[in-house]
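Worksheet for the structure shown next.
The values are calculated or read from the model by the stated rules, or taken from the named source; none is laboratory data. Worth saying up front: this structure is predicted, and the values here are computed from it rather than measured. Cβ atoms come from the backbone with ideal geometry, glycine included; neighbour counts cover every protein chain shown.
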């Protein structure tokens, strides 16, 4: 079993809340190096998570011969630059979402992945039991012909999210969150949270053919969108809707898939997946048959455990791969264009999950 020695590029909120804690659960894996801009954050995170070395130099992580796997935990616009450098240096790569805010970058990332043998995970959370079980139900024909699907991923905003992060980092509350800065973040809630909703829909319903979207700013102190709604046309002919935003204080993470024979309803908050089908095809008032889907048959693993498992099998993640991440990136960019130009926008890339 390959022993993973991981370097993390980026010492901000996502490294503190997800990468470092999850990597501690991976068997035969050690974070040996952490890089970031702020020395205070490096000091706190190295102490809390027992990381032996730190640096302000991102390239030092890429060049380190001890490091054989790299997690990219930087702001969105820097993902692809450092991800490609890590791939070309022979490292396995975990890419924090979203992949990119540029199709040129997304194409370059897929090309780098295709031209090298390293395992690259590019869509965290896509290979969770809810999605895997839903795919099996659909492939087994239990839903019949898929007609529609919907997903929503939203929370109260970066300032709410970062309140907990600042406790981990032992920092005082700050108002200068880069998420709200259009020059630093480039994109808003659509890419930050909408990527989850879109990835779930692609995972269960396949590739997207076109999208119509409307984005707006409701309450947050930013020029970027804090709320978005989308209508998707899947390559299969089914339709989908996706919603996201930073203005949902009660938090929502859910999706459902509807077909001619039944439906699936997933809620992460309730940690459940339910299957419904009619008890009669000719009586509109007949009760529905409800089945709680047994998720114990699917490995309950975090995304870093999945990444490590794929590395040790010498494969690319079946769902969370670079090609699917590029497809999701194009969908998100097309949503921005659709809202700006008030029209439906076609999607030209295709996911391997069609």
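Which one of these is in contact (Cβ under 8 Å) with a residue 24 or more places away in the chain, farther than 28 Å from residue 91 by Cα and in the same structural domain as residue 250 (by TED's automatic domain parsing): 288, 295?
295
Please go through the range 5-20 and give me each residue that is surrounded by 18 or more Cβ atoms within 10 Å (Cβ to Cβ) and outside any strand (DSSP E or B), ordered by number.
10, 11, 12, 13, 14, 15, 16, 18, 19, 20
Residue by residue through the range 56-81, note down the ones that are within 27 Å of the chain's Cα centre (by Cα) and not in a helix (DSSP H, G or I).
Once the filter is applied, which keeps residues that are within 27 Å of the chain's Cα centre (by Cα) and not in a helix (DSSP H, G or I), the range 56-81 yields 56, 57, 67, 68, 69, 70, 71, 72, 73, 74, 75.
Based on what the data block shows, is residue 136 over 19 Å from residue 331 (Cα atoms), without any contact (Cβ under 8 Å) to a residue 24 or more places away in the chain and not assigned by TED's automatic domain parsing to the domain that holds residue 43?
When the stated conditions are applied, residue 136 passes them.
Is it true that some residue in the range 274-284 is assigned by TED's automatic domain parsing to the domain that holds residue 189, within 22 Å of residue 198 (Cβ to Cβ), in a strand (DSSP E or B) and touching a helix residue (DSSP H, G or I) at 6+ places or on another chain (Cβ under 8 Å)?
no
Going by the conditions given, is residue 267 surrounded by fewer than 16 Cβ atoms within 10 Å (Cβ to Cβ) and out of contact with any strand residue (DSSP E or B) (no Cβ under 6 Å at 6 or more places or on another chain)?
no
What are the pairs, 6+ residues apart or on separate chains, where a residue within the range 324-335 that is outside the structural domain of residue 212 (by TED's automatic domain parsing) and over 11 Å from residue 210 (Cβ atoms) has its Cβ under 7 Å from a residue that is at pLDDT 95 or above and in a helix (DSSP H, G or I)?
As it stands, the answer is none, since no pair meets every condition given.
How do the helices (runs of 4 or more DSSP H) wholly within the range 132-215 filter down when requiring 1 or more residues that are out of contact with any helix residue (DSSP H, G or I) (no Cβ under 9 Å at 6 or more places or on another chain) and buried (at least 16 other Cβ atoms within 10 Å of the Cβ): which remain?
194-205
Output the residues belonging to the range 21-55 that are in a loop (DSSP other than H, G, I, E, B) and either in contact (Cβ under 8 Å) with a residue 60 or more places away in the chain or surrounded by fewer than 21 Cβ atoms within 10 Å (Cβ to Cβ) (or both).
Within the range 21-55, 24, 25, 26, 27, 28, 37, 38, 50, 52 qualify.
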